[in-house]
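Here's the structure we're looking at; comments come further down.
The values are calculated or read from the model by the stated rules, or taken from the named source; none is laboratory data. Quick caveat, the model's predicted, so the values are computed rather than measured. Virtual Cβ from ideal backbone geometry, glycine too; neighbours counted across all protein chains shown. When the accessible area is computed, the model is the full protein with side chains, heavy atoms only, and any ligands, DNA or RNA have been set aside. Shrake-Rupley method; radii C 1.70, N 1.55, O 1.52, S 1.80 Å.
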Amino acid sequence: MASYTKAAQQWATFARAWYLIDGKMQPPGKLAAVGVIRLQGTHKPVYHALSDCGDHVVIINTRHIAFSGNKWEQKVYSSHTGYPGGLKQVTATQLHLKDPTAIVKLAIYRMLPKNLHRRTMMQRLHLFPEDVIPEDIRNNLVEELAQPRRIPKRLDEYTQEEIDAFPMLWTPPKDYRKM
């Protein structure tokens, strides 16, 4: 009887969980940093570099990722066909318009360790451009991970009470007129 409980305990320890990450207004590098930890299984106490104990990661809203600065125009993704003159370069905007999941996929792929486990780990990554998830994947989800970056509120999302409660930085003089 003891071996049965040990087997069940070991199965539960190595079972693959499914995690959900919302990519709305998040930088791809931050999403990749959170996703790679779960894909590799480094968050588990039984992690070993040679064992494949990672979990499934589902990232939604990859169409709505955010780059800081002018990276949409300045960041260049390069590939080579292997033939002379076969260097292909596209900006982040062009790649995102062609495939909304490609930027996050490349960020995670490049952040994973460069060994034989990388392709296996990438098979456990599920990317969706919107928040629509197939029913069979939705049933498997165990936990939604917190977004790595806090989303700032837009000005139209504040209520009038919040605006009135915000401290004034300076008091306009009596002869001040608005244009």
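Using helices alone, what [θ] at 222 nm do you get for the chain, with -39,500 (n - 2.57) per DSSP H run of 4 or more residues, divided over all residues and rounded to the nearest 500? Kindly include the intermediate steps, with their values, before the conclusion.
Numbers: 8 runs with 65 residues, N = 179.
Only helices count here, giving -10000 deg cm²/dmol.
Show D131, D22, D99, D55 ordered by accessible area, largest first, where the area counts protein heavy atoms only and the probe is 1.4 Å.
Values: D131 100, D22 35, D99 60, D55 0 Å².
Per-residue accessible area, sorted high to low, gives D131, D99, D22, D55.
Students often check this: by mean Cβ neighbours within 10 Å, which of 46-52, 164-170, 65-71 ranks highest, and how do the rest follow?
Details: 46-52: 10.6, 164-170: 6.4, 65-71: 13.6.
Peptide ranking by packing, descending: 65-71, 46-52, 164-170.
Rounded to the nearest 20 Debye, what is the dipole magnitude of the stretch 110-167 about its Cα centre when Lys and Arg each give +1 and Asp and Glu each give -1 at the C-beta?
Numbers: 10 positive and 11 negative charges, 185 e Å.
It works out to roughly 900 debye.
Can you work out the Karplus-derived ³J(HN,Hα) for every residue in the stretch 90-97? Use 6.51 cos²θ - 1.76 cosθ + 1.60 with θ = phi - 60°, whole Hz, and x for glycine or proline.
Rounded to whole hertz, the list is 10, 7, 4, 5, 5, 5, 5, 5.
Give me the 1.4 Å probe accessible area per residue for the chain, excluding ligands and nucleic acids, in Å².
Counting only protein heavy atoms, the per-residue value for the chain is 71 Å².
Could you please state how large a percent of the accessible area of the chain is carbon and sulfur, counting protein chains only and using a 1.4 Å probe? Walk me through the numbers before you get to the answer.
On the way: 7260 of 12750 Å².
That share works out to 57 percent.
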